[in-house]
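The values are calculated or read from the model by the stated rules, or taken from the named source; none is laboratory data. Being a predicted model, the structure only gives us computed values, none of them experimental. For neighbour counting, all protein chains shown are included, and Cβ atoms are generated from backbone atoms with ideal geometry for every residue, glycine included.
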Amino acid sequence: MKYILLPEKSENINYYKANLHCHSVISDGRKTPEQIKADYMAHGYSIVAYTDHNMLVAHDDLTDDKFLALNGFEIDVGEEHHPKGEANKVCHICFISPENNHKMVCYHRTDNIWGNAAKYRESAQYDESLPDFIREYSANGVNAMIEEAKKNGCFVTYNHPAWSLENYPCYNGYEGMDAMEIVNYGCVVEGYDDNNGHCYEDFLNQGKRIYCIASDDNHNRNPDTHEDCDSYGGYTVICSPSLSYSDIFNSLKNGMFYSSTGTPVHTGPEFLSLSYEDKKVTLKTSKVRSVYFMTNLRYCQSKNAPFGTLIDGAEFEIKRDIKWFRIVLVDEFGYKAYSNAYFIDSLDSFKSE
Ligand SMILES: [Zn+2]
Ligand SMILES: [Zn+2]
């Protein structure tokens, strides 16, 4: 049986570049939602998820046949009463809503309003019969928020563990997210090591079958550098039959995407196809220097181009009883792309031939 994990581009299948984490003037970002749309489209993007802090304002009016605005918000909770604010551990999570669902969950009428968000309080949609939602920084407290979002049908991502100062004992108990940020480019620009492969594998090795995304988390507000300095560096490439909200949202829920990194003037490595058949993983890629094949065991592989040359794919034979594998590409300038992890016992959910 052949499992098509990432199909080749065809008449029926396209790949769309997305920034799944973004801040605008609706919270503490510097650009308007319209500016963000124009600037991202100029850099080859088709999708932006607007995830302002603790405020969901619908941006469906920005959607047209070349651009999709996903609606969502970023929720946060953290340690309180710590003597030094800069040592506080926090947890940030994005909730991306399904189509035509603008309802906020875990809503508090007065707390957790960042930046300009207070101006939009009146437009927030939430269940008015519920009391204010009290957040608590603990595994139970975070899981309660994730559960509310899942009940509402959201796509839930766990954000920037490095910036949050969270480590294994913190995130170990988190349950139910759909994905985590393997790269948060805004944090990279600020100097954090946000190459979160190890954290991702911690989740996988606990049996949490989650995906990984790369995002910008752009605020575009650094006055000392170019205003776009935290944009266009971390992105998710979504495989879908169309750019409609429902098709893209389904592709997110079904893991039909990969993540990559680059710069405004350099597109990072690309997966062109990925399949599994008879314990063999085959992939085609853009020109890269190395392909890494990683698993839950002390059993990984790599394929590397001889110095000064590049390769455009690889094949890996699996000779151990692995639970999951994932692939990382590195291009000639060192930029990386990341596949999701694939669990061998659940490949049936992927199209087969
Ligand atoms: Zn955040
Ligand atoms: Zn953010």
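Away from ligand 1 (no atom under 16 Å from the Cβ), closer than 23 Å to A18 by Cβ and part of a loop (DSSP other than H, G, I, E, B) - does that describe any residue in the stretch 197-206?
Scanning the stretch 197-206, I find no residue that is away from ligand 1 (no atom under 16 Å from the Cβ), closer than 23 Å to A18 by Cβ and part of a loop (DSSP other than H, G, I, E, B), so the answer is no.
I'd like the full set of residues that are acidic (D, E), modelled with pLDDT under 95 and either surrounded by 24 or more Cβ atoms within 10 Å (Cβ to Cβ) or away from ligand 1 (no atom under 16 Å from the Cβ) (or both), limited to the stretch 60-85.
Of everything in the stretch 60-85, just one residue is acidic (D, E), modelled with pLDDT under 95 and either surrounded by 24 or more Cβ atoms within 10 Å (Cβ to Cβ) or away from ligand 1 (no atom under 16 Å from the Cβ) (or both), namely E80.
Show the residue pairs that are 6+ apart or on different chains and have beta-carbon atoms under 7 Å apart, the first residue being within the stretch 130-156 and under 18 Å from F249 (Cα atoms), the second being assigned to a helix (DSSP H, G or I) and modelled with pLDDT of 95 or more.
As it stands, the answer is F155/F249; F155/L252; F155/K253; V156/I146; V156/A149; V156/K150, since those pairs meet every condition given.
Return a yes/no flag: does the stretch 221-232 have any residue that is outside any loop (DSSP other than H, G, I, E, B) and out of contact with any Leu (no Cβ under 9 Å at 6 or more places or on another chain).
Within the stretch 221-232 (the criterion being outside any loop (DSSP other than H, G, I, E, B) and out of contact with any Leu (no Cβ under 9 Å at 6 or more places or on another chain)), the answer is no, since none of the residues qualifies.
Could you list, in sequence order, the residues of the stretch 161-192 that are part of a loop (DSSP other than H, G, I, E, B), within 16 Å of ligand 1 (Cβ to nearest atom) and of a type outside the set (S, T, N, Q)? First the steps, then the outcome.
Let us first name the residues in the stretch 161-192 that are part of a loop (DSSP other than H, G, I, E, B), namely 161-167, 172-178, 191-192.
Then keep just the ones that are within 16 Å of ligand 1 (Cβ to nearest atom); that gives 161-166, 174, 177, 191-192.
Listed by number, the residues that qualify are P161, A162, W163, L165, E166, Y174, M177, G191, Y192.
Give the residues of the stretch 236-285 that are touching a residue at least 24 places away in the same chain (Cβ under 8 Å) and assigned to a helix (DSSP H, G or I), sorted by residue number.
Y245, S246, I248, F249, L252, K253
Which of (1) outside any loop (DSSP other than H, G, I, E, B); (2) within 16 Å of ligand 2 (Cβ to nearest atom) is the odd one out, the single condition G141 does not satisfy?
Looking at each condition in turn, G141 falls short on (2).
So which residues in the stretch 7-59 are surrounded by fewer than 24 Cβ atoms within 10 Å (Cβ to Cβ), without any contact (Cβ under 8 Å) to a residue 60 or more places away in the chain and under 18 Å from M104 (Cα atoms), if there are any at all?
A58, H59
Output the residues belonging to the stretch 1-36 that are out of contact with any Ser or Thr (no Cβ under 6 Å at 6 or more places or on another chain) and of a type in the set (D, E).
E11, D28, E34
Just to be sure I understand, how many residues within the stretch 104-122 are of a type in the set (A, V, I, L, M, F, W, C), surrounded by 15 or more Cβ atoms within 10 Å (Cβ to Cβ) and not in a loop (DSSP other than H, G, I, E, B)?
Residues of the stretch 104-122 of a type in the set (A, V, I, L, M, F, W, C): 104-106, 113-114, 117-118.
Okay, now just the ones that are also surrounded by 15 or more Cβ atoms within 10 Å (Cβ to Cβ), so 104-106, 113-114, 117.
Still in the list and also not in a loop (DSSP other than H, G, I, E, B): 117.
Total satisfying the criteria: 1.
Scanning for something surrounded by fewer than 19 Cβ atoms within 10 Å (Cβ to Cβ), modelled with pLDDT of 95 or more and on the phi > 0 side of the Ramachandran plot, does the stretch 143-150 turn up at least one residue?
No, the conditions are met nowhere in the stretch 143-150.
Please count how many residues of the stretch 1-54 are part of a loop (DSSP other than H, G, I, E, B), hydroxyl-bearing (S, T, Y) and touching a Lys or Arg at 6+ places or on another chain (Cβ under 8 Å).
Narrowing the stretch 1-54 to residues part of a loop (DSSP other than H, G, I, E, B): 1, 7-13, 20-21, 23-32, 43-46, 54.
Filter again for hydroxyl-bearing (S, T, Y), leaving 10, 24, 27, 32, 45-46.
Of the ones still in play, those that are also touching a Lys or Arg at 6+ places or on another chain (Cβ under 8 Å) are 24, 45-46.
Qualifying residue count, the stretch 1-54: 3.
Give the stretch 138-152 a look and list any residue that's touching a helix residue (DSSP H, G or I) at 6+ places or on another chain (Cβ under 9 Å) and either more than 16 Å from ligand 1 (Cβ to nearest atom) or among the charged types (D, E, K, R) (or both), or say none. Break it down into steps so the answer makes sense when it comes.
At the first step, the residues of the stretch 138-152 found to be touching a helix residue (DSSP H, G or I) at 6+ places or on another chain (Cβ under 9 Å) are 139, 142.
Once the filter is applied, which keeps residues that are touching a helix residue (DSSP H, G or I) at 6+ places or on another chain (Cβ under 9 Å) and either more than 16 Å from ligand 1 (Cβ to nearest atom) or among the charged types (D, E, K, R) (or both), the stretch 138-152 yields only A139.
Has the stretch 13-31 got at least one residue that is more than 16 Å from ligand 2 (Cβ to nearest atom) and hydrophobic (A, V, I, L, M, F, W, C)?
Going through the stretch 13-31, the residues more than 16 Å from ligand 2 (Cβ to nearest atom) turn out to be 13-17.
Filter once more, so that each one left must be hydrophobic (A, V, I, L, M, F, W, C): 13.
Yes, because at least one residue in the stretch 13-31 is more than 16 Å from ligand 2 (Cβ to nearest atom) and hydrophobic (A, V, I, L, M, F, W, C).
Filter the stretch 288-314 for residues that are in a loop (DSSP other than H, G, I, E, B), touching a residue at least 24 places away in the same chain (Cβ under 8 Å) and not aliphatic (A, V, I, L, M) and give the result.
Here is the first cut: in the stretch 288-314, the residues in a loop (DSSP other than H, G, I, E, B) are 289, 296-300, 305-310.
Checking which are touching a residue at least 24 places away in the same chain (Cβ under 8 Å) leaves us with 289, 296-297.
Once the filter is applied, which keeps residues that are in a loop (DSSP other than H, G, I, E, B), touching a residue at least 24 places away in the same chain (Cβ under 8 Å) and not aliphatic (A, V, I, L, M), the stretch 288-314 yields R289, N296.
Could you tell me which numbered condition E80 fails, if it satisfies all but one of (1) within 18 Å of N116 (Cα to Cα); (2) away from ligand 2 (no atom under 12 Å from the Cβ); (3) in a loop (DSSP other than H, G, I, E, B)?
(1)
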